[in-house]
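Readers should treat all values here as calculations from the given coordinates under stated rules, not as data from a laboratory. Since the model is a prediction, treat every value here as computed from it, not as a measurement. Backbone-built Cβ (ideal geometry, glycine too); neighbour counts: all protein chains shown.
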Amino acid sequence: MDSAGETLKPVEAEIEDLVFEFDMLGDWEQRYRHLIDMGKALPQMPAAEKTEASRVKGCVSQVWLVTEAEPGDPARIRFRADSDAHIVRGLAALLLRLYSGRTPDEIAAADARAALARIGLSEHLSPQRSNGLNAMIARIRAEAENWAPA
């Protein structure tokens, strides 16, 4: 269970759900709209958390990522993200759905790039958005490594 008392699905099940969601949509205009809607559903990040330290380097758009560890053995890592660009905010929401609330080992084992390839998203992103997406994934994985047991 996560801190909200919700049971998290295994990453593989979450990936299957995402693939199903995107497969149900018709063309890429609808898929982009769904991605934007996912971003709109993210809670707003307080301005005080939008600092240089929380900014994800390597993104053309402004992207901020805040990490918190929930005590436990092992700890669960919770992420919050925000962006000034609608599609990038949606990409952040998608990544949080895969990674947030998981243990460092679960985060290390989850392959977001493979999930995005199955959705077909990776081939429909501009090179700048792909670079930003890769920067977000790298940052999430690096943050999780900081909390991994020695």
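Taken together, the residues in region 95-135 that are among the polar types (S, T, N, Q), surrounded by 14 or more Cβ atoms within 10 Å (Cβ to Cβ) and assigned to a loop (DSSP other than H, G, I, E, B) amount to 2. Determine, yes or no, whether GLU29 is of a type in the set (Asp, Glu), surrounded by 14 or more Cβ atoms within 10 Å (Cβ to Cβ) and over 18 Å from GLY132 (Cα atoms). Considered against the rule, which asks whether it is of a type in the set (Asp, Glu), surrounded by 14 or more Cβ atoms within 10 Å (Cβ to Cβ) and over 18 Å from GLY132 (Cα atoms), GLU29 comes out as no. Exactly one residue out of ASP111, ASP82, ASP73, ASP105 is touching an Asp or Glu at 6+ places or on another chain (Cβ under 9 Å) and among the acidic types (Asp, Glu), and it is ASP82. Of all residues being in a strand (DSSP E or B) and hydroxyl-bearing (Ser, Thr, Tyr) in region 48-94, which is nearest to PRO149 (Cα to Cα)? Just the residue, please. Out of the qualifying residues, it is THR67.
The number of residues in region 107-131 that are more than 15 Å from the chain's Cα centre (by Cα) and either more than 16 Å from GLU16 (Cβ to Cβ) or of a type in the set (Lys, Arg) (or both) comes to 7.
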